[in-house]
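Working notes, beginning with the structure itself.
What follows is calculated from the coordinates using simple rules that are stated; it is not laboratory data. Everything numeric in this text was worked out from a predicted model, so none of it was measured. Positions of Cβ are backbone-derived with ideal geometry, glycine not excepted, and every protein chain shown enters the neighbour counts.
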Amino acid sequence: MRERVAPPAWISPGRDGVVVAVKAVPRASATGAAGLQDGALRVRIAAPPHRGRSNAALCAYLAACAGVRPRAVRVRRGSGGARKLVEVDGEPAEIVRNLLASLGADGEGPP
């Protein structure tokens with residue numbers, strides 16, 4: 001039997017997916033998670049915040065980490081700011097498991 005682990009505060013499971021709280025940092029040298037900041041996953045994004053490029057790069061990165069197709073990820077709130085809520089569609093338990101395996105509970109890499 002698999003042990004159920006409560007997700008960290010930056011992941012909010014729902015009925016049809018999860019919502020990830022993100023603090024985006026555009027114009028980084030590479031895209032990747034950089035720990036937690038104020039209860040949100042801090043993600044450095046290589047794309048500039050121009051015409052939605054950084055949001056698209058953020059969604060593609062989170063889709064890869066969550067193991068879902070890119071079309072299943074979208075910015076629900078905060079598209080024009082650094083603090084965002086990103087919605088990931090799919091099986092919540094599987095998405096949480098994949099995110100934790102890819103990012104770790106502290107957002108700094110696998111445990």
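Expected output is a single nm value to one decimal: the length gained when fully extending between ALA56 and ALA82, i.e. 0.36 nm times separation in residues minus the C-alpha distance. What is it?
8.0 nm
Points 7 angstrom from Cα along the Cβ direction at VAL19 and ALA46: gap in nanometres?
So the label points at VAL19 and ALA46 sit 3.1 nm apart.
How far, in nm, would the chain grow between ARG27 and GLU94 when pulled straight, counting 0.36 nm per residue and subtracting the alpha carbon separation?
21.1 nm
The chain: D in µm²/s via Stokes-Einstein (Kirkwood Rh, Cα pairs, 20 °C, 1.002 mPa s)?
157 µm²/s
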